[in-house]
Structure formats: structure tokens, C-alpha cells
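Engineer: Got a structure for you, questions after.
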Amino acid sequence: MTSLAETDDPKAFAERAGRELEEASALTILTWAADTFGRRFCVTSSMEDAVVAHLASRAMPGVDVVFLDTGYHFPETIGTRDAVDAVMDVNVLTLSPRQSVAEQDAEYGPRLHDRDPDLCCALRKIKPLEEGLSGYDAWATGLRRDESPSRANTPVVGWDMKRGKIKVSPIARWTQDDVDAYVSEHGVLTNPLLTDGYASVGCAPCTRRVLDGEDARAGRWAGRDKTECGLHG
Ligand code: SF4
């Protein structure tokens, strides 16, 4: 097992692993992460679906699945988290921002997400995730190259410069059809909003249904330049 502290050049280590695992299956990539980092590896999930959590539980039963509860989630998203926790062989950990929505409203004014979504995401997503990942050397995401132009170059294993961690994206090469096939084959839990016109599920105030022909993330921060919350920048 490898600790990042023992690696002279973790960025080079990550990039080499990314090249070597580029053609590997998602399960092989996650098995490599589990074998390499053990309990210092976790999965993050927005609870849009439980595909990566399911794959990771096959590679490492009882794996930590980190969920960021911004306080603005749809009830369906919280329900998906609870169902994943109840039925899958994973350890769901919920992270919360330091302030409740009411406390944030009192300090910054209501509907900060409309006036300054970057600050809102920084307070409710980026900071809590940074703190929550501090005990891990590597984390897995469900990023896919086909989701949007900003994700087109996602490596299957890369170096997360901001956090100083290895970032694993085991389904980076998958298409939506691959996801649908895996969900169907393994009976994986998905967020009910995915069958109600939403192609990507985030916080309720910043997510709308997508229109025909739009990419999967077009419903996130619609009408703004913003396309990412900063977790993956
Ligand atoms: Fe705030 Fe919207 Fe970001 Fe959620 S997605 S943290 S509501 S700005």
C-alpha cells in the first residue's frame, strides 16, 4: 500500500498511473486505487446515481462514500443517499458546510446562489470537501469526458493540484449508454430526477431540466457562464 507521504513526486506518480490505466476497465482502475491507498481512498458522490459507489464497493467492500450535503439538495437526492446507505456495502459519510442555510442568509443575505454562486459554492461545497478529504490520499469521482467540453480531457487517474491528492475518475471514458447499461445490469440505485427530465442533478436552486439536444450539464447554473462548482477545476 502506498502513502502519498512516501512518494517523492506524487504528481508524476498520478500521471504515470493515468497513462498506464487509460485503457483499463473502471473496476480495474478502482481495484488499483483500493490496493494502492487502502482506507486512505474514498469515493465522492453527488447521489445523481450510485454507479461509482457500486463499482468501488466491488473493489473495496465498505469503502467510504463521501456525500456533500449543501443544504440545498432536492429531497430525491437525500432519499437516494439514504437508500445507498441502507442497501449497499459502503460507508456513507455526509459532510456539511460550517453554516446552515439560515446562518449563511443572516451573514451574506438570502439567495447568495443567485447573486454570487461562486461564493456560495465555495462556502457550501469547496471548503467542506477540502476539510472532509483531509484524511484521504486519493478520491474517486464520477466525472465523464462526454458530459461537457470542460470535462473532455479528464484523466482516469490524475493529480488534484488544489488538494494535493490523487484524483481517480474510473468512468471518465464511459458514455451515457455505458452508465445506463451498468445501472440496468446491476440494478444500481439512481436519483429519481433522472427520469423526470434532469440529466445532471445538483442543488435545487441551480439545477433545471435539460432540453432536447442540450448537453448533460446544460441544466446546471443555466443562463450563467458558470459550468462547474469549483470542485473539479
Ligand atoms: Fe450554492 Fe448553487 Fe453552488 Fe449549491 S450549486 S452551493 S446552491 S451556488
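Engineer: Which semi-axis lengths, in whole Å and largest first, follow from the square roots of five times the eigenvalues of the Cα gyration tensor of the stretch 47-108?
Structural biologist: Gyration-tensor ellipsoid for the stretch 47-108: 27, 12, 8 Å.
Engineer: Quick query: amide H of residue 165 versus all other amide H atoms, modeled in the peptide plane; which residues come in under 5 Å with a sequence gap of 5 or more or a different chain?
Structural biologist: 160
Engineer: Counting helices only, and only those DSSP H runs with n ≥ 4, report the 222 nm mean residue ellipticity of the chain as the sum of -39,500 (n - 2.57) divided by its residues, in deg cm²/dmol to the nearest 500.
Structural biologist: That comes out to -9500 deg cm²/dmol.
Engineer: Moving on. Using a Gaussian network for the chain with springs between C-alpha atoms less than 10 Å apart, which of these wobbles most: 59, 181, 138?
Structural biologist: 181
Engineer: How would 113, 232 line up by accessible area, probe 1.4 Å, largest first?
Structural biologist: Reading off the accessible areas and sorting them downward yields 232, 113.
Engineer: Let me ask another. Considering Cα pairs under 8 angstrom that are at least six residues apart, work out the relative contact order of the chain and quote it in whole percent.
Structural biologist: About 23 percent, as a whole number.
Engineer: DSSP loop trypsin sites (Lys or Arg not before Pro) in the stretch 42-107 with at most 15 other Cβ atoms within 10 Å of their Cβ, which ones?
Structural biologist: For trypsin sites (Lys or Arg not before Pro) across the stretch 42-107 that sit outside H, G, I, E and B with at most 15 neighbouring Cβ atoms in 10 Å, the list reads 98.
Engineer: Please express the shape of the chain as an equivalent ellipsoid: the semi-axes are the square roots of 5 times the eigenvalues of the C-alpha gyration tensor, given largest first in whole angstrom.
Structural biologist: Working from the Cα gyration tensor, I get semi-axes of 27, 21, 18 Å.
Engineer: Take the Cβ-Cβ distance between residue 4 and residue 91 as r, set R0 to 25 Å, and report the resulting FRET efficiency rounded to the nearest 0.05.
Structural biologist: E(calc), rounded to 0.05, equals 0.70.
Engineer: Continuing with this model, one more query. With label points built 7 Å along Cα→Cβ from the Cα atoms of residue 175 and residue 108, find their separation and express it in nm.
Structural biologist: Distance between the two pseudo-spin positions: 3.9 nm.
Engineer: Top mean-square fluctuation among 135, 79, 109, Gaussian network model of the chain, C-alpha springs under 10 Å?
Structural biologist: Per the Cα network of the chain with a 10 Å cutoff, 109 tops the list.
The values are calculated or read from the model by the stated rules, or taken from the named source; none is laboratory data. Here the structure is a predicted model, which means the values were calculated and not measured. So basically every Cβ, Gly included, is an ideal-geometry build from the backbone, and we count neighbours across all protein chains shown. For the accessible areas, the whole protein counts, side chains as well, though only heavy atoms, and no ligand, DNA or RNA atoms are used. Shrake-Rupley method; radii C 1.70, N 1.55, O 1.52, S 1.80 Å.
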